[in-house]
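The values are calculated or read from the model by the stated rules, or taken from the named source; none is laboratory data. This is a predicted model, so every value here is computed, not measured. The protein model used for the area step is the full one, side chains on, heavy atoms only, and it has no ligands, DNA or RNA in it. Shrake-Rupley method; radii C 1.70, N 1.55, O 1.52, S 1.80 Å.
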Amino acid sequence: MRPGTDSQRILQKSMMEGILMQGKDQGKETASEAIQNDWEALRSDIRTHAMDFNIESLARLFNQGELVIPAFARPMVWSQVQKSQFIESLLLDLPIPSLFFSENPETYQYSVLDGAQRLHAAISYLQGEYTLKGLTDLISANETCFEGLPIRMQMHLRMSTMRAVIISSASSTHVQTEVFSRLNTGGTALTTQELRNATHQGPFNTLTVELSRLPDFRKAIGAGANSTGNLRDAELVLRYFVLSEEMNRDFAISQRMFTEFLRRKNESTSSELEKYQTSFVKSLEKCLNAFEGEVFRRWRPESGKVDPRFSVPLYDAQMLAVTEFSRDLIFRHANEIRLGMHRLFSSGEFTNSLKATTPHSLNYRVSSVMEMIESVAR
């Protein structure tokens with residue numbers, strides 16, 4: 001063995017270990033940098049700023065349509081006592097939670113993401129819609145309307161401020177949806193349609209809401225006359241429009257598809273919106289005439305009775321199928337079409353298609369109803 005060989009080996013081993021350790025440290029730094037990069041990217045996607053509004057200015061913005069509570073938002077559920085105690089908090093300068101608004105750069109509107117109950121309580125009191133009740137500190141003010149308060153207290157309330165955190169229009173739609181979702185997870189979980197409705201305000205969204213309020217439609221789907229539910233009815237209208245345009249494509253029905261469709265269609269022109277409205281109203285009219293009390297309900301051949309429960313798959317099939325036929329044809333052959341629908345329910349393949357959500361099953365049930373109508377109308 002040559003002199004110095006052992007020391008060289010020790011030196012080489014030490015150098016290799018140093019290189020390996022350096023690689024591990026670099027790996028740690030790379031992972032750490034990746035986390036930081038993700039963090040910085042996400043933070044940069046969120047643009048917020050805070051503004052203080054006095055109650056009078058909030059009421060003015062609301063009355064002018066520059067501050068909107070999303071159409072079909074959850075109903076105002078605060079009791080008179082809850083609203084009164086919030087007014088008491090304002091009068092006594094007690095701390096109150098911030099409001100959260102999203103900003104629409106095209107309409108110059110603020111949409112309320114969180115704080116609708118507080119806003120409604122303050123604005124409606126200024127407008128004389130209720131008297132104070134159940135106050136625990138300012139007891140002498142119970143049963144007093146706004147105009148009945150001393151002038152100094154009226155001025156104090158008008159000038160009381162509420163801080164609003166505004167999600168800038170520079171923030172992505174995903175960010176606004178995520179903010180709205182997280183702000184509302186403390187109570188009853190919101191449905192996807194409620195989130196969609198709050199974060200995608202626009203003319204097409206308004207159209208789906210208005211159509212879902214049609215008395216004939218609400219009766220057909222089994223919704224209560226005065227209920228707003230959880231926006232299932234507005235989502236059904238949106239569903240009709242989505243499937244009308246996307247049915248012939250190879251796709252899987254998803255909430256993301258509905259959201260993207262709504263986002264695009266909010267840019268529709270007035271004439272385009274009118275065409276969509278006409279399409280829905282005409283299809284609904286044809287269905288109501290053809291299927292009457294059995295519309296969107298399954299026929300049970302074994303009992304000879306209709307199932308009273310509303311069926312979404314059958315809603316799809318009937319609403320989409322009748323679009324291909326004239327109103328006159330449907331009206332002239334309504335009785336035959338209804339009996340033909342009964343016969344369809346004797347087909348195992350058709351009833352099985354109502355249980356599946358694939359593109360094939362959707363196309364099959366729609367085409368089955370269309371072929372049935374064609375056969376009875378010959």
| field | Hz values of 3J(HN,Hα) by residue in region 120-133 - Karplus curve (6.51, -1.76, 1.60), Gly and Pro given as x | value | 4, 4, 5, 5, 5, 6, 4, 8, x, 7, 7, 9, 6, 8
| said: Run the numbers for Q64 and S32: contour at 0.36 nm per residue of separation, minus the present Cα-Cα distance, in nm. | reply: 6.6 nm
| Å² of accessible area per residue within region 128-172, as computed with a 1.4 Å probe and no ligands counted | 56
| remark: Sorted by chain and then number, the residues having a modelled amide H within less than 5 Å of the amide H of V306, at least 5 places away or on another chain, are R300
| Normalised convex hull volume, region 283-333, alpha-carbon set, Å³ per residue | 76
| task | Please work out how many pairs of lysine residues in region 232-378 are eight or more positions apart (or on different chains) and have Cα atoms closer than 23 angstrom. | result | 5
| query | Hey, what D do you get for region 242-375 in µm²/s if you plug the Kirkwood alpha-carbon radius into Stokes-Einstein at 4 °C and 1.567 mPa s? | reply | 82
| query | Quick one: Cα convex hull volume of region 308-378, Å³ per residue? | reply | 90
